[in-house]
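*Asks:* Can you read through this structure? Questions will come right after.
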Amino acid sequence: MEHRLAPASSSTRQVGNFHICLECANAPPTTISIVNAILSGQCHMHGVPRVMFPPFPLEIIQDGNFVLILAETEHGVRIIPTDGRPFLKDYSSWNGDSRGHWEGDTLVVEVRGLNGRGWLDQAGNFMGVGAHVVERFRLTGKDTLDYQATVENPKVFSQPFTLRVPLRRRPADVELLEYGCIEGERDAAHLPAVNGEKR
């Protein structure tokens, strides 16, 4: 099923000094690389749900009251209480505020308080302020995990949609490594020039 932005939404989003077209089927090939450089080049956290997508490894740690998700990329840490506590008030961050509970063999995590600056993919598709995500984690085998995230934001999307990513347990000899990128990085000399401008 194809998901489109709601008709009332703008077709562009400003990122830094650039306007990124969100519905440009005929955009020049350089558009995606420019978007990648702008969004990834400043080392911001990927945010939920994108932080869960490969290729960077994750580590999931569970105890009686919390599930922790450690991400190699941008040194991300998600702390998901599973003890029934309420959501934080007036909270906003890249990964939002998560609360989890179990439905049989599935961990269901509701995420609120996303700052609206995260993106869904390297093409710059975003969720916007007020997005609500419900994640579902279920072991499907000894070394496999089914991850689903349902994204909803009526201000941006015409209807909710669900992303599904199969995840595999990382090999025992693979560790999370230091990710040498600091949020807010502004090393413009390494970003591609736009429209022939000099760097």
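*Asks:* Would you order 70, 177, 163, 114 from fewest to most other beta-carbon atoms within 10 Å of each residue's own beta-carbon?
*Replies:* 177, 70, 163, 114
*Asks:* Here's another thing I want to ask about it. Counting other Cβ atoms within 10 Å, keep those with at most 12, restrict to DSSP loop, and tell me which trypsin sites (Lys or Arg not before Pro) in segment 124-173 are left.
*Replies:* On the way: sites: 136, 138, 142, 155, 164, 168, 169; in loops: 142, 155, 169.
Filter output for segment 124-173: 142.
No lab work stands behind these numbers, since they all come straight from the coordinates. From a predicted model like this one, the values you see are computed outputs, not experimental measurements. Using ideal geometry, Cβ is built from the backbone for each residue, glycine included, and neighbour counts are taken over all protein chains shown.
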